[in-house]
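The values are calculated or read from the model by the stated rules, or taken from the named source; none is laboratory data. These numbers were taken from a predicted model, which means no experiment stands behind them. Ideal geometry is used to build each Cβ from the backbone, glycine not excepted, and the neighbour counts take in all protein chains shown. Accessible surface areas use protein heavy atoms only, side chains included; no ligands, DNA or RNA. Shrake-Rupley method; radii C 1.70, N 1.55, O 1.52, S 1.80 Å.
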Amino acid sequence: ATLVVTTTEPYAPFLSTVATTYLCPRAALAEGTVSFREVFASAPVGTGPFRVTGWEPGGGVSLARWDDYWGEPAKLERIDYRVLPDVDALLAALAAAEIDLAGGSGAIPPARVDEATSIPELTVFRHGTMNWQHIDLKQMGFLLETPVRQALDFATPRERIITEILSGRATPAFADQSPESWAYDETLRPRPFNPERVASLLDEAGLRPGADGVRQRDGKRFEIDLWGVQEDDLARAILEMIAAEWNAIGVSTLTQYAPPEDLWGPLGYQFSDRMTGCLYTWTNANDPDDLFYWHSSQIPLSPGTSGGNLPAFFYPYGFQEEIDELTVNAASTLDFAQRQDIYAEIQALLLEEVPVIFLYWEEAFPAARANVGGFWPSAWTPLLWNAADWYLVEP
């Protein structure tokens, strides 16, 4: 049984994209997308070694071994997910042996890893991820200027964020390729925190402190709003630390918070007429494709429409033609070594131009009790990638 796919143009990430696409029966879509969301979302049918036997919204999900699985049958008879209210409840459940494993979105937060490692009979894993924290910078006002964006990068205390907020458990970022990826350029380094360099760059840009200490040029003050997700304690801690440093160098910085649906809706911060930034995480696919992030075709046509290049909604980047060409070439070049070279060029360009403030690459900390075998998490796979190999042993 052979499937032949003919594409209209070369696309290097094609195989890895197809290989990580989830499958569902055609019949699931027969009644349309509304029915699909209502029915299939709570009772999915796929190709894996387990099937969903129960789902309690906000409570948990029950999986049972699927004896007609096409591969080797799973060793476990069932897997039960539990939804816990917070990290305190998670650590308590692990300590009491009420749960055997914590992973995926339920992994241990970096700042709580030391507590987890003190729990007897618990192994805490550590691995890189494809997730990068950053602050986008809307192309508006002074943020249109490369030296100004570079100054904000020098004024961002990413090392302190990692050390003080994340307990040292993250990797500083300078561009959009994960240290786990073959496309990562190990020769590049992020800008260090350097207030003196900040002052020099802003002075050279004609942005000088006014009577109130806020930098301004031609009567316009350098004011920026930094947005984050409401009720996200980590985002608040990071943004408050950054805002304090930016205010100290004469950039009037106001932190603001909103629910996700408001942040990224048609009335969100990206579509206001103010200079803004927003802290959030993007996740890379296993095989890089930078078109979605930076290409001009991904600039939304109107507020709320699709496209990943939101910061360039009002004004394209000054390096837009260059990044367009590089991202197209990177996606269409099939030679592996040539692709590596192109992605190295992209990373160097992003480091130079600072379209966003790259903060850090997340690390993940799943945990498993000593009676769990076969569990092996990684940056490249979802939690259940080898669930058929998991097993339990007697104490």
If contacts are Cα pairs under 8 angstrom and at least 6 residues apart, what is the relative contact order of segment 191-306 in percent? 24
Among Pro110, Pro377, Pro260, residue whose mean-square fluctuation peaks in a GNM of the chain (springs only between Cα atoms under 10 Å): Pro260
Magnitude of the Cβ-charge dipole (Lys and Arg +1, Asp and Glu -1) of the chain about the Cα centre, nearest 20 debye, reported as 320
Order by protection proxy (mean Cβ within 10 Å, highest first), peptides 261-269, 301-309: 261-269, 301-309
For the chain, with every protein chain kept in place, what is the accessible area per residue (1.4 Å probe, Å²)? 52
Per DSSP H run of at least 4 residues, take -39500 (n - 2.57); add these up for the chain, divide by its residues and hand me the 222 nm value, nearest 500 deg cm²/dmol. -7000 deg cm²/dmol
Just checking my list [x] 72, 54, 42; [y] 76, 47, 33; [z] 61, 49, 45 against Cα extents along the principal axes in Å computed from this structure; which label fits? [x]
Protection-proxy order for peptides 279-289, 175-185, each taking the mean of Cβ atoms within 10 Å per residue, highest first: 175-185, 279-289
Roughly how many nanometres apart are two label points built 7 Å out from the Cα toward the Cβ at Val4 and Thr187? 4.3
With springs only between Cα atoms under 10 Å, which of Glu121, Glu31, Glu321 fluctuates most in a Gaussian network model of the chain? Glu31
Which is farthest toward the positive dipole end of segment 3-153 among Pro49, Trp70, Pro10, measuring Cα position about the Cα centre, with Cβ charges +1 (Lys, Arg) and -1 (Asp, Glu)? Pro10
All other residues with a Cβ under 10 Å from the Cβ of Lys75 taken together, and with Lys, Arg as +1 and Asp, Glu as -1, what is their net charge? -2
For Ser378 and Glu98, calculate 0.36 nm times their separation in residues minus their Cα-Cα distance, and state this gained length in nm to one decimal. 98.4 nm
What's the carbon and sulfur percent of the chain's accessible surface, probe 1.4 angstrom, rounded to a whole number? 54
Which chymotrypsin sites (Phe, Trp or Tyr not before Pro) does segment 61-112 hold that lie in a coil by DSSP with at most 12 other beta carbons within 10 Å? Trp70
